[in-house]
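Notes for the one structure printed next.
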Amino acid sequence: MGSEIIQRNIDELSIFFSDSDHDILTSTEIGLVEGVKYIHAGNGETSYRDGNLYVHIDGDPTKFSISELSYGSTFVTAIAFADLNGGLIRAGEEAGSGQGEILLILLIDSNLPDSAMARAGITATEGITASLQDLGLAYSSLIPSGAVKQNILVIRDRGSRMYLRGAGKHTKLGELIGCSTIEAVKASAAENGVTIVNRMNLLGMLEPYGYDQEKLYNLSGSQDMSLFLVKVIAGNPKPSAIGAVSAALHIYHEVQWGLLEEETALKVVRRLMRTGLLQDVSGMSILDTIATAVARCVAEN
C-alpha cells in the first residue's frame with residue numbers, strides 16, 4: 001500500500017513502517033500511540049515500547065488474511081485474524097466468554113483527524129458484524145454482533161498529502177473500510193475452518209442454536225445412536241432441505257425481532273418442514289419443530 005512491509009511466520013504477523021509518520025488508534029488499553037515503527041501480532045503480551053506495538057492473539061498467526069482495496073489514490077488494507085468457532089456474542093446480551101477472537105488491523109494510507117480514526121473503527125466494527133451475519137452464525141439463538149475477544153487497530157499516515165475528514169458509511173473511505181473488512185474477516189474465518197459452504201449442512205445450521213448431535217438423536221426417535229451419528233456425518237441433504245431449514249431459521253429471527261407473531265410463524269415453519277424435509281412435526285417452539293424435523297429426516301435417510 002505504501003511505506004509498510006508486511007510479513008507472516010509461525011510466530012507473528014509483523015508490519016514495519018519505514019518512517020515515523022504512522023499513528024495507531026487501538027481498542028486495547030493502550031489507546032492512541034504516535035510514531036509507531038513496528039506492529040507485532042502474535043502470542044505475546046499486548047504492550048507498547050520503543051516504537052513497537054505488540055498485540056496478543058490466542059490463535060495461529062499464519063491464519064491472518066489481507067484485503068487491499070483502493071479508489072483513486074486512496075488505499076485501505078484490512079488485515080484480519082478471525083477464529084469464529086466460538087466466543088461469539090451479541091451486544092446487549094449477558095457477558096460471556098469463549099475461545100473465538102477477532103483482530104482487525106486497518107491500514108489507511110491517508111492522514112485523518114482523531115475523530116475520523118474513531119469513526120473508521122466504528123465502520124470496521126459494523127463490517128465485522130456484517131461478516132458474522134453473512135456466515136449465518138448464531139449466539140444463544142440470536143445473530144451475534146462480534147466476538148468476546150475483539151480488537152481493532154486503525155492506522156493513519158500523517159505524512160500523506162491526502163487528508164480525509166470522514167470515514168462513515170456515507171463516504172468512499174467508509175465503503176473501502178467496510179468492503180475490505182468483510183473480505184479479510186471471511187477469508188481468515190475460512191482459514192480457521194468457518195465458511196458458509198461448510199456450514200450448509202443440517203447439523204451445522206442447528207448447532208449454534210443449542211442442538212448438538214446428542215440432542216438431535218434424542219429428538220430423532222432412532223434406537224441406535226451410533227447409526228444415527230454415522231448418518232449425521234455422512235449425510236448429504238437435498239438443497240430443498242437446506243433451503244427449508246434456512247428459511248425457517250430466518251422466520252425464527254423475525255419472531256425475535258417482533259416482526260411476526262409466534263403462532264403464525266410456527267404454522268409457516270411446519271409447512272416448510274413438510275415440503276422441504278417431508279416431516280410433519282410440531283414441537284413446543286419454532287426451534288424444537290425445526291430440530292425435530294431435521295433429526296427425523298436424518299434418521300430416515
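The alpha carbon centroids of the stretch 123-172 and the stretch 258-301 are separated by 35 Å.
Computed from the C-beta positions of N236 and S282 and an R0 of 35 Å, the FRET efficiency is 0.85 to the nearest 0.05. Over all other residues within a Cβ to Cβ distance under 15 Å of I102, the charged ones net out to -4, with Lys and Arg as +1 and Asp and Glu as -1. Using the Cβ of A147 as centre and a radius below 9 Å, the other residues enclosed give a net charge of -1, where K and R count +1 and D and E count -1. Mean residue ellipticity at 222 nm, helices only, the chain: -12000 deg cm²/dmol; runs of at least 4 DSSP H residues each add -39,500 (n - 2.57), and the sum is divided by the number of residues. Taking a point 7 Å out from the Cα of S73 in the direction of its Cβ, the residues of the stretch 140-183 whose backbone N falls within less than 11 Å of it are 160-163. With the convex hull of the Cα atoms taken as the outline of the stretch 4-191, the averaged projected area works out to 10.0 nm².
I'd like the antiparallel share, as a percent to the nearest 5, of DSSP beta bridges with both residues in the chain.
Counting DSSP beta bridges with both partners in the chain, the antiparallel share is about 75 percent.
When the pairs K37/K63; K186/K267; K37/K172; K172/K238 are compared against a 30 Å limit on Cα-Cα distance, K186/K267; K172/K238 fall above it.
If you run the Gaussian network model on the chain, springs between alpha carbon atoms under 10 Å, then out of I177, I251, I102 the most flexible one is I251.
Distance from the alpha carbon centroid of the stretch 43-89 to that of the stretch 196-246 works out to 34 angstrom.
As a calculated quantity, the FRET efficiency between R165 and I196 at R0 = 45 Å, using C-beta atoms, amounts to about 0.80.
Test of understanding: what is the full-extension gain from E29 to C179, defined as 0.36 nm times their sequence separation minus their Cα-Cα distance?
51.3 nm
In this structure, S246 and E45 have a Cβ-Cβ separation that, at R0 = 45 Å, corresponds to a calculated FRET efficiency of about 0.60.
Across the stretch 202-300, Cα pairs under 8 Å and at least six residues apart give a relative contact order of 34 percent.
Its Kirkwood hydrodynamic radius, worked out from the mean inverse distance over all distinct Cα pairs, puts the stretch 202-300 at 13.3 Å.
In this label model, A118 and Q213 are separated by 4.9 nm, measuring between points 7 Å along each Cα→Cβ vector.
Model label sites at R158 and E94, defined 7 Å from Cα along the beta-carbon direction, differ in position by 4.6 nm. GNM remark for the chain: springs join alpha carbons under 10 Å apart, and the peak mean-square fluctuation among V245, V255, V154 falls on V255. Across D280, D157, D224, mean-square fluctuation computed from a Gaussian network of the chain (C-alpha pairs under 10 Å connected) peaks at D224. Taking label points 7 Å from Cα along the Cα-to-Cβ direction, D60 and Q7 give a separation of 2.1 nm. Contact order for the chain, expressed relative to its length and based on alpha carbon pairs under 8 Å spaced 6+ residues apart, stands at 15 percent.
When the P(r) is computed for the stretch 100-251, the part past 23 Å accounts for 50% of the Cα-Cα pairs.
Bear in mind these aren't lab numbers, they're just calculated from the coordinates by the rules spelled out. Because the structure is a prediction, the values reported are computed rather than measured. Methodologically, a virtual Cβ is constructed for each residue, glycine included, from the backbone with ideal geometry; neighbour enumeration extends over all protein chains shown.
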